[in-house]
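Values quoted throughout were computed directly from the atomic coordinates according to the rules given, and no laboratory measurement underlies them. Everything quoted here is computed from the prediction, not taken from an experiment.
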Amino acid sequence: MTADISRFIRTNLHLQLAPLLPELKLYLAHPGSGLSRLELDETPYWAYLWPGGALLARYFLDKPQTVHGKSVLDIGAGGGVVALAAAKAGARRVIANDIDANAVAATALNAQANGLQMETRCGDVLDGDVPDADLIVIGDLFYHADVSIRLKAFASRCLVAGKTVLTGDIGRAHLPRERLELIVEYDVPDFGDRPDTAMRNGGVYRFTR
Ligand SMILES: C[S@@+](CC[C@H](N)C(=O)[O-])C[C@H]1O[C@@H](n2cnc3c(N)ncnc32)[C@H](O)[C@@H]1O
């Protein structure tokens with residue numbers, strides 16, 4: 001299946017400079033991509049750039065010292081934009097994680113297209129051991145109540161273990177603002193917005209206990 005999905009992505013998605021992130025190329029869906037032909041069980045989040053991920057990626061590229069020399073775990077990597085930016089900004093080790101095997105395949109292709117190295121890990125790590133990474137990053141994952149509850153518990157365990165947990169978000173319904181400290185704000189497009197739609201204001205946040 002990985003070979004099939006990789007071939008599909010190369011053939012049907014456009015490798016293009018990412019909005020807000022001219023330093024990175026991503027395979028992105030367009031109206032002619034025909035994603036429905038894949039008959040997927042999961043929504044193909046990996047075929048789009050999500051604003052929360054774009055925010056974190058912009059932050060890492062603007063402030064490479066935040067990731068330089070660190071090990072970084074990108075939870076819910078989708079097409080891997082946050083992991084790509086971390087690698088580009090000089091992270092020592094980057095792991096891109098997603099529950100969707102197609103996302104992992106898309107991330108691997110995007111890493112290759114940008115000449116960047118990273119590991120990929122398919123599966124759900126939220127209830128497992130605290131990960132072996134200095135920095136845990138979460139781009140645009142607070143759109144679902146259950147996942148938000150699990151992410152909060154996961155972040156708490158990571159903080160107790162001395163990790164830093166960052167998220168990028170434009171204010172999704174289940175963003176736990178009470179646990180977050182704003183680091184930086186940017187205006188970003190949301191992926192479904194028409195070109196004449198106003199940009200969304202979003203932030204990069206640090207989790208607190
Ligand atoms: C909205 S997309 C964001 C993708 C990427 N971070 C970005 O900003 O472009 C959310 C991603 O999280 C993944 N996801 C959902 N629940 C997850 C979980 N428990 N563990 C890992 N990934 C998860 C989905 O498969 C999807 O690829």
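Backbone geometry of the stretch 141-152 corresponds, through the Karplus equation with coefficients 6.51, -1.76 and 1.60 at θ = phi - 60°, to 3J(HN,Hα) couplings of 10, 9, 9, 9, 4, 5, 5, 4, 4, 5, 5, 5 Hz, x marking Gly and Pro. Normalising by residue count, the stretch 32-140 has a Cα convex hull of 96 Å³ per residue.
Between 0 and 90 degrees, the angle of helix 101-113 with respect to the longest Cα principal axis of the chain falls at about 80 degrees.
Within straight-line reach of residue 88, meaning a Cα separation under 19 Å, sit the following lysines at least 8 residues removed in sequence or on another chain: 25, 63, 70. Under the definition of Cα pairs under 8 Å and six or more residues apart, what whole-number percent is the relative contact order of the chain? 19 percent. With respect to the chain, whose longest principal axis is taken over its alpha-carbon atoms, helix 2-12 is tilted by about 70°.
What translational diffusion coefficient, to the nearest whole µm²/s, does the stretch 1-88 have by Stokes-Einstein, given a Kirkwood radius computed over alpha-carbon pairs, a temperature of 10 °C and 1.306 mPa s viscosity? Write down the numbers at each step before the final one.
On the way: Rh = 13.9 Å.
Rounded, D is 114 µm²/s.
Round to the nearest 10 and give me the degree value, 0 to 90, for the angle of helix 51-62's Cα axis relative to the longest principal axis of the chain. The two axes meet at around 70 degrees.
Pairwise inverse Cα distances across the chain, averaged and inverted, put the Kirkwood hydrodynamic radius at 16.9 Å.
Annotation: amide H-H contacts under 5 Å for residue 71 (H modelled 1.01 Å from N, sequence separation of 5 or more, or interchain): 92, 93, 134, 135.
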